[in-house]
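Bear in mind these aren't lab numbers, they're just calculated from the coordinates by the rules spelled out. All values reported here derive from a predicted model rather than from experimental measurement. Cβ placement follows ideal geometry from the backbone for every residue including glycine, while neighbour counts extend to all protein chains displayed.
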Amino acid sequence: MAVEISNKMSLSIAVIDPNNCNPTVSESFHTRVSAITPTTKDFLKSINVWNELERKNAFVATKVWDQNSHGHLNFHASDEDLKNLGYIIENDVIQSALFRAIETSNATMIQASLVELNANKIGYKVVLDNGQTLSCKLLIGADGPQSKVRSLANIDFKEHNYDQKAIIANVLTEKPLKQTTWQRFLSDSILAFLPLSDNQASIVWSCKNSLANMLEKLDDIEFNKRITDASEYRFGSLELQSARKYFPLVSRSANQYVLESLALIGDAAHNIHPLAGQGVNLGFSDVMELSQQLQDSKPNALGDFLVLRKYARARRLDNEVMAKTMTGLDWIYKENMEPIRWVRGYGMNLIDDTPVLKSFFQRQALGKIKKN
């Protein structure tokens with residue numbers, strides 16, 4: 001957000017973060033990755049960051065198959081006349097490139113924690129733990145699902161606990177991944193493979209807590225066996241290439257995206273189940289929309305509630321629809337009653353065999369749906 005508005009608007013900008021925002025990019029792949037859509041790629045190009053990304057692996061297809069039905073889905077870039085469906089990129093790589101862009105912008109980095117917010121006639125007075133006090137016409141909370149800005153502004157949120165954990169790790173595959181993201185729905189979990197190279201993938205295994213707790217106790221050799229079996233040996237034997245990380249899965253939605261002189265974006269406003277890997281792209285869409293609304297407003301309207309409300313209205317529907325879709329999909333794939341399994345398999349195959357339906361769902365995932 002800071003890079004975008006620094007490029008497009010003449011503003012004094014401070015980025016406040018208690019952590020080091022400039023990660024060192026390792027020679028080996030990091031375990032935290034994102035599936036970047038063509039829409040997000042275009043945005044990163046527009047702020048001159050895309051070509052600065054040190055590593056990015058394009059994928060041309062997405063394949064989904066279900067353990068408990070005959071259902072399957074196969075998406076391919078050629079269906080939409082595209083070169084690829086997206087890119088798997090490590091979060092550290094994206095963050096490092098953005099940090100370099102910040103260094104050449106007119107934004108100032110301040111490594112500190114937010115302690116206090118006080119609304120005033122101008123906007124907000126921000127008190128930091130390093131003793132600094134800043135005043136601003138617009139405060140943007142881009143500080144994640146446990147947002148301090150959201151908390152200090154007394155903005156409530158709705159929360160849904162999936163009673164699941166995501167297991168994230170990198171694996172080496174015996175068979176090639178064929179520039180494809182893979183997802184298998186099992187009785188008690190959802191396993192996704194995001195290709196980092198032809199024979200390396202980042203896995204996201206969303207498991208019921210009981211299964212996740214059991215897997216956490218396994219040594220690497222036993223875990224390798226379990227994940228190889230869970231993938232139906234589609235990629236041959238699998239071998240861990242990193243430590244495993246475990247994250248509880250909870251979706252949240254802020255009751256208000258904006259107040260006078262304050263806006264929430266990204267996970268501070270909404271975070272969803274990682275089922276379709278759309279969280280980061282929703283956040284980038286927030287940036288694009290908020291930036292456009294600020295640019296379209298009068299110069300002295302920075303922080304104006306009516307302007308910020310246009311951003312909130314434009315983004316809430318998309319974000320809520322995606323969140324509810326992920327919750328619905330999570331439910332339908334956890335249910336293993338025979339009628340639901342049959343309907344699930346029939347629905348997947350119907351979409352796969354119907355070009356119009358298939359194109360709709362694919363373009364929605366790509367961020368290419370045309371708005372009226």
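Structural remarks
- Taken over the C-alpha atoms, segment 37-117 has Rg and Dmax values of 18.4, 55 angstrom.
- Residue-normalised convex hull volume from the C-alpha trace of segment 52-205: 201 Å³ per residue.
- Charge dipole of segment 177-293 about the Cα centre (unit charges at C-beta), most positive-ward option of Tyr246, Ser210, Ala269: Ser210
- The equivalent ellipsoid of segment 126-165 has semi-axes of 28, 12, 8 Å, largest first, where each one is the square root of 5 times an eigenvalue of the Cα gyration tensor.
- Pairwise Cα separations in segment 1-140 fall into 5 Å bins from 0 onward with the following percentages, short to long: 2, 8, 14, 15, 15, 13, 11, 8, 6, 5, 3, 1, 0.
- Long-range Cα-Cα pairs in segment 250-324 (distance over 15 Å), rounded percent: 50
- Among Ile36, Ser46, Ser96 the positive-end extreme of the charge dipole of segment 35-136 (Cβ point charges): Ser46
- Where only alpha carbons of segment 79-132 are counted, the Rg and the Dmax (Å): 18.8, 56
- A compact globular protein would have a Cα radius of gyration near 2.2 N^0.38 Å; the ratio found for segment 159-274 is 1.24.
- Measuring against 18 Å, Cα to Cα, the residue pairs Lys208/Lys245; Lys8/Lys45; Lys175/Lys225; Lys41/Lys63 contain Lys41/Lys63 as the ones spanning a longer distance.
- Part-to-part distance (alpha-carbon centres) for segment 117-154 and segment 245-286, which is given in Å: 18
- Average Cα contact separation per residue, segment 254-323, under 8 Å, 6 or more apart, as relative contact order %: 39
- Dimensions in Å of segment 140-216 - Rg and Dmax from alpha carbons: 17.0, 51
- log₁₀ of I(q)/I(0) at q = 0.18, 0.26 Å⁻¹ - segment 228-284, Debye sum with one point per alpha carbon: -0.80, -1.07
- All Cα-Cα distances of segment 9-68, cut into 10 Å bins from zero to the largest, leave 13, 34, 35, 13, 4, 1 percent in each bin in turn.
- Annotation: the residues Leu44, Leu73, sorted from fewest to most other C-beta atoms within 10 Å of their own C-beta, follow the order Leu73, Leu44.
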